[in-house]
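Peer 1: Next up is a structure, given as structure tokens.
The values are calculated or read from the model by the stated rules, or taken from the named source; none is laboratory data. The structure displayed is predicted, hence computed values, not measured ones. No Cβ is skipped: glycine too gets one built from the backbone with ideal geometry, and neighbour counts run over all protein chains shown.
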Amino acid sequence: MSDEINLGPDCQSALENLYLFLDHEMAEGDWDAVHAHIADCAPCLTQFDVERIVKELVSRSCREKAPEVLRAKVLTSIRTTVTYTRTDVVGTDARGETDA
């Protein structure tokens, strides 16, 4: 028995436009059509719920601030100390010419 579900053209269209639907970034008539389809189609409703939950989790995690101790540790670990070493070559000046 296969776990694959055959989706019809309405499902294909609804799922292709799922993010536009979630973000209310589609024309009202198109939004209404996707909404009606999702309300009547269990596989699409399931996929909609999964995507909605993921979107909410991402949104929530972007709002939360890291603890100050963690922030300080991260900043400390990304600081770079640069050390310059000057080396003089005996017998030449700064332009590379031989000393007289």
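Peer 1: If we keep just the residues of the range 35-67 that are surrounded by 10 or more Cβ atoms within 10 Å (Cβ to Cβ) and not in a helix (DSSP H, G or I), which is modelled with the lowest pLDDT?
Peer 2: Checking each candidate, the answer is 66.
Peer 1: Is there a residue in the range 68-77 that is more than 30 Å from residue 37 (Cα to Cα), among the aliphatic types (A, V, I, L, M), at pLDDT below 85 and assigned to a loop (DSSP other than H, G, I, E, B)?
Peer 2: no
Peer 1: Mind listing whichever residues of the range 9-29 are of a type outside the set (A, V, I, L, M), surrounded by fewer than 17 Cβ atoms within 10 Å (Cβ to Cβ), within 14 Å of residue 52 (Cα to Cα) and without any contact (Cβ under 8 Å) to a residue 24 or more places away in the chain?
Peer 2: Looking only at the range 9-29, we keep the residues that are of a type outside the set (A, V, I, L, M), and these are 9-13, 16-17, 19, 21, 23-25, 28-29.
Going one step further and asking which of them are surrounded by fewer than 17 Cβ atoms within 10 Å (Cβ to Cβ), we end up with 9-10, 12-13, 16, 19, 23-25, 28-29.
Filter again for within 14 Å of residue 52 (Cα to Cα), leaving 19, 23-24.
Residues satisfying the conditions are 23, 24.
Peer 1: Test each condition in (1) among the charged types (D, E, K, R); (2) surrounded by fewer than 11 Cβ atoms within 10 Å (Cβ to Cβ); (3) modelled with pLDDT of 90 or more for residue 32 and report the one that comes out false.
Peer 2: Here residue 32 clears every test but (2).
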